[in-house]
Each structure stands twice: as C-alpha cells, then as structure tokens.
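Have a look at the structure below before the remarks.
The values are calculated or read from the model by the stated rules, or taken from the named source; none is laboratory data. Predicted model, so just to flag it, every value in this text is computed and none were measured. Glycine gets a Cβ as well: all are built from the backbone with ideal geometry, and neighbour counts include every protein chain shown.
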Amino acid sequence: MVNREPIVDQIPALRRYARALTGDAWAADDLVQDTLERACSKWRLWAVGSDLRAWLFTVMHNLFANQVRRSTRQASGSSVDIDDVAHELVAPEADPGPALDLQRCLLRLPLDQRAVVLLVSIEEMSYADVARITGVPIGTVMSRLSRARHRLQTLMDAPARSAAPQPASDAPTNPLPSLRRLK
C-alpha cells in the first residue's frame, strides 16, 4: 500500500511549477493530474529513501516536455510566433502590474530555460536536483539559468526602455541597478 501523505504534501509545489510552465490554470491542473497518475502507476520506479519531490518533478517535467513535442508535431506549419502578431494584440486598459508581466516574460523563454529558472528560483531546488529532473549536467543547468535570467531581464526591461528617454551616446550606462530586481 502506497503512503499517500508524502505525495499529497508535494501537490502545492507541483501545481505552482505546472502553472508557471503552462501559464494556464486548467492546463496546469491537467498536468498535475497526469503527473500524479503517472507517479501512481510507476510507483515501483521510485527508490525508497530517495528524494520524492525531485522524482515527482522529474515525472512532471518529462510529461510536459512530451506534451510540448506532441503538440509541436501536430501543429507543425500552423504555429504562430507571438512576436509576429504582437502588433495585433490589444493591450489591457490598466497596467497589469509586474507579476503579470513577469509571467508573460517567463512564457516567452525557451522551455529548457524556463524549467531551470522556475525550479531554481521558485521551487528553490539545488542545481544537482534540477540536473536530475531535467536530465542534463549541472554545468548545463547553470548555463541555462544564466541565459534565462539574462533573457528575462531583457524582456522585463523592454517596455521601460522604449518608453524611457535614451541616454546620450557619450553618457555612461550602468545596467547593475536593473539587475537587482530579479534577485
């Protein structure tokens, strides 16, 4: 008989990660449900005494990656790059705030970078755990995290840069103050 309590304890973290991965509450709940179903059906593959949380996140990560690959194959030729249609999207009347802007920017990251930044920053997992979950070396985790943070900073600063006056070409610029916002 499987002790459900340790699995149930992980559901809030799984939901948080799924929501950040998918950007949609319904899709996130479906992903968590699929993860829990897969975990229950493959319970014999979990090594007793190993990190259950990391194992569940690995199951979720693999399921999501498979779903993305499957949907990409099914929609090949019919996908639209959001940057190509950005001018057609209607902006909301009020300022959505930094949280919504951060979510929009997270969803614009490549999946491999998004997964790493979410696991390290939101779930506070170690690089070693993230490496096990994503199936890549620790150095790759660090590289993806660095690229993701840089890209997020660029995406978050983009509206501010276009609206703010540009410094004179001979004026020194200091990017460090803006980098502190992500920490």
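Would you check if there is a residue in the stretch 145-162 being closer than 22 Å to LEU14 by Cα, modelled with pLDDT of 60 or more and either of a type outside the set (D, E, K, R) or assigned by TED's automatic domain parsing to the domain that holds ARG53 (or both)? Yes - at least one qualifying residue is present in the stretch 145-162. Out of the residues in the stretch 1-50 meeting the condition of being polar (S, T, N, Q) and more than 27 Å from LEU106 (Cα to Cα), tell me which one is modelled with the lowest pLDDT. Step by step, filter the stretch 1-50, then rank; the result is ASN3.
Results for (1) in contact (Cβ under 8 Å) with a residue 60 or more places away in the chain; (2) in contact with a Lys or Arg (Cβ under 9 Å, 6 or more places away or on another chain); (3) among the basic types (Lys, Arg), shown as yes or no for each residue.
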| site | (1), (2), (3) |
| --- | --- |
| ARG4 | no, no, yes |
| PRO12 | no, no, no |
| ALA18 | no, no, no |
| THR22 | no, no, no |
| ALA54 | yes, yes, no |
